[in-house]
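A.B. asks: The following block contains the structure, expressed as C-alpha cells.
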Amino acid sequence: MAGLGLETLSDFCSKFERETAEEIQGRFADRRNRDEESRTITNELLELEARLLRSVQFLKQQRNLCSPVGRLSDDLILQILEYSQDPLMGFGIFWSSPVEIPPAYSVCVRWRSIAVRTPSLWSEISYASHPELSNTSLSRSGGIPLRVSEFFRSDIPDGEEAHVQKRGPETEVVSNRRDRLMQLAARISYLYLFYHGPRHHQTTGALSLSEVLARRVGQAEFGILEALTVMHRWSDQKPSGALGNYTLNTPALKQLHFVGVSLYSMPRVRAQNLVELRFDEGHLGAEEILDLLSWFPCLERGFIDTHHGDSHRILRIRPVVLLQRIRFLSIEKLSLQDMIYVFEHLKIPPSANLQLDVIRSMNDTGLENFLGPYLSSTTELIVKGPDYRSDYLMLSDCGRRIELKYESDTPYMSYSDEEDYHLTSFRALSSFPNHLSSLRIHCYNTLPLQDLIHALRSWPRLTRLLLNVLEADFASLLIAFEELPLICPDLEILGCRQTKFCVAHMVRFLTFRISQGAPLRELRFAEDCPDGAVGDIRPLVQTLSEEPHWV
C-alpha cells in the first residue's frame, strides 16, 4: 500500500485537517463581520467538499479498473452494450411500454463514454420513447442509417395530441413530430409503422393509412430504405379509389412485412427491388393472393398467412401471374379450392420450394389432382396422418421441397372423431408420372391397404420403403408382398419404425424375396418391435439396424 501513497496521503490529510481547523478558528477570532465571515467559510468548505468528492470518485474509478470488468477492452464493452439493447428498442410502439436507455449504458463513466461516442447505439428512433430521448438519439447517431418506428392514429392524422396527453408537458418538442418522418426519409434503412385504425362504429371521417402517409410523408424519397414493417390494427377500411393513388417512394425496398386483415389496408410501395414479402393475419381469398403476388414480379421469398378457410365466391378467369425469381412460397390456411385456383393462375420455376397449409372441408375433392403433377420431379414422398391433419412432403434430388399440411377446420379434433377421415388416395396418385425411389408412411389409423398396394405396384422404382403403421396393416402388407407379379422389384431397404411384427412372417417374406432374385439389403426396426429373437432374420439380409427417427 505504501506504493500507492497511503502514508503520504495520511500525512497530508492530518496536516490539511489541522490547518483548516486553525484557519477557521482564526477567522472567527475577529468578532467583527462574523455573519459575513461565516457565509464565506461555508462556501469555501462546500468547494473543498466537492473537490474531495471528485478525488473519491477518482479512487472508485481506479478501483473499477482493477476488477475483471474494468480490464475489458473498449471493443468488448461495445459488444456488451450492443447485446444489452432491448430487441424492441426503437420499436416499442405501444404507449404502455416506453423505450428507455439501457442501464448498461451507465454502468460507469468509461462505459457511458463508449456508449455516447458510438453512433450505432443511437441509430434506433422510436416515437414510443420520451421525445428528449428521440432527440438525443438523433444527435448522437451522426449520419449513419436509422431504424425508425412511428405510430399513427386514423382519427388524429398527426398523432401529436394523443402523444402529448400521454407523455406530459413536452408539447414544444413533440410538435416537431409531424414532419420528422419526412425530414429523416433519406436516412431511414428500416421503418416500422403502427397504424391504429378506426373501430367499426368510428369510421366517420377517419383516414386510411395511405391517406395519413400521403399527408405526413408525401413524395419524400426513402432512398436507402430496405425493410418496411406495417402493423395495421382494427380496420378493414378500403381507401378511396380501391387501393388509393398513393405510393410510398421506396426505390431500394427489399423486404415488406404487413400485419393486417385486408389487402386494401396495405400501403402501396415501389417494388422493383422487393425480394421478400410477408403478409400475416389476413383474410385473403385466392384472387386477393394473386393480386398481391402480381404487384411484386421480382419476388424471391413469399410468406402469406391468411384465415380464409372456405371459398363461397365464383372465381373469375384471370391472367396468369408470373414469378420468375421465386425460390420459396408459403401460403397458410387457405381452402383447397382456393389453393388449386391460385396455382392454376401462378407460374413459378420448377425448383421453387412450397410450404402450403390447406384447411380441410367436408366436401373437398381434388387433393390428389393438386399433388399428383409434382410427382414427376419427386424422388421421395413422405406421408403422415390422418389425425387432425395430414402432412405430405415431396422431395427431389435437386433439393426442391414441397410441403402440404391438410388440416381440419376444427383444430385438435382428430379425424377418428369424424366419419370420413382418410389419407389422400394412393391409387389416384399412382396414376401420375413419377420418379419415386423412396416412400415413408406414418399412419395413426387403419391404412387404405388396397389403394396403397395398387400404388406400390405402380411405383416399381422404389428402393426404400419406411413404415410406421398399425401392426395388423404391416402384417397384411407383408402378405401382399409375397404375391406375384413382384411388388417393388428394386426394393433394397424396408423400415418398420415402432411397428411390431412377427419374426416368422418376416422370415417368410425375406425368403420369398431371395427366391425371386430381389433380396433386401437392409431391414430397419426399433429394438422392441420383433415379437421374438431376430437370429433367424440375420442370414437373410445384409444389414439389420435400428430404425432412426424420421419426420
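A.B. asks: Pull up all non-local amide H partners of H257: gap of 5 or more, or a different chain, and H-to-H distance under 5 Å with H placed in the peptide plane.
C.D. replies: Those qualifying (amide H under 5 Å, at least 5 residues apart or on another chain) are L228, T229, V230, R278.
A.B. asks: I'd like the Karplus ³J(HN,Hα) series for region 366-376: coefficients 6.51, -1.76, 1.60, θ = phi - 60°, whole numbers in Hz, and an x wherever there's a Gly or Pro.
C.D. replies: With coefficients 6.51, -1.76 and 1.60, one gets x, 4, 5, 5, 6, 7, x, x, 6, 5, 5 Hz.
A.B. asks: Additional query: Using only the Cα atoms of region 278-408, build the gyration tensor, take square roots of its eigenvalues as a ≥ b ≥ c, and label the shape rounded, prolate or oblate: rounded if a/c is under 1.5, else prolate if a/b is larger than b/c, else oblate. Provide the component values of the computation, followed by the final result.
C.D. replies: Details: a/c = 1.58, a/b = 1.06, b/c = 1.50.
In terms of gyration-tensor shape, oblate.
A.B. asks: Show me the three semi-axes of the equivalent ellipsoid for region 436-516, from the C-alpha gyration tensor (sqrt of 5 times each eigenvalue), largest first, rounded to whole Å.
C.D. replies: On the way: eigenvalues 60, 49, 28 Å².
In descending order, the three semi-axes are 17, 16, 12 Å.
A.B. asks: Pulled fully out, how much extra length does the chain show between Q79 and L449, if you take 0.36 nm times their separation in residues and subtract their Cα-Cα distance?
C.D. replies: Numbers: separation 370, 0.36 × 370 = 133.20 nm, distance 6.03 nm.
Roughly 127.2 nm would be gained on extension.
A.B. asks: So what is the accessible area of region 8-62 per residue, in Å², with the probe set to 1.4 Å?
C.D. replies: 88
A.B. asks: Right, another one. Just to verify a number: what accessible area does H196 come out at with the full protein assembly present, 1.4 Å probe, Å² rounded to tens?
C.D. replies: The value for H196 is about 50 Å².
The values are calculated or read from the model by the stated rules, or taken from the named source; none is laboratory data. None of these values were measured; they are calculated from a predicted model. What goes into the accessible areas is simple: the full protein's heavy atoms, side chains included, and nothing from ligands, DNA or RNA. Shrake-Rupley method; radii C 1.70, N 1.55, O 1.52, S 1.80 Å.
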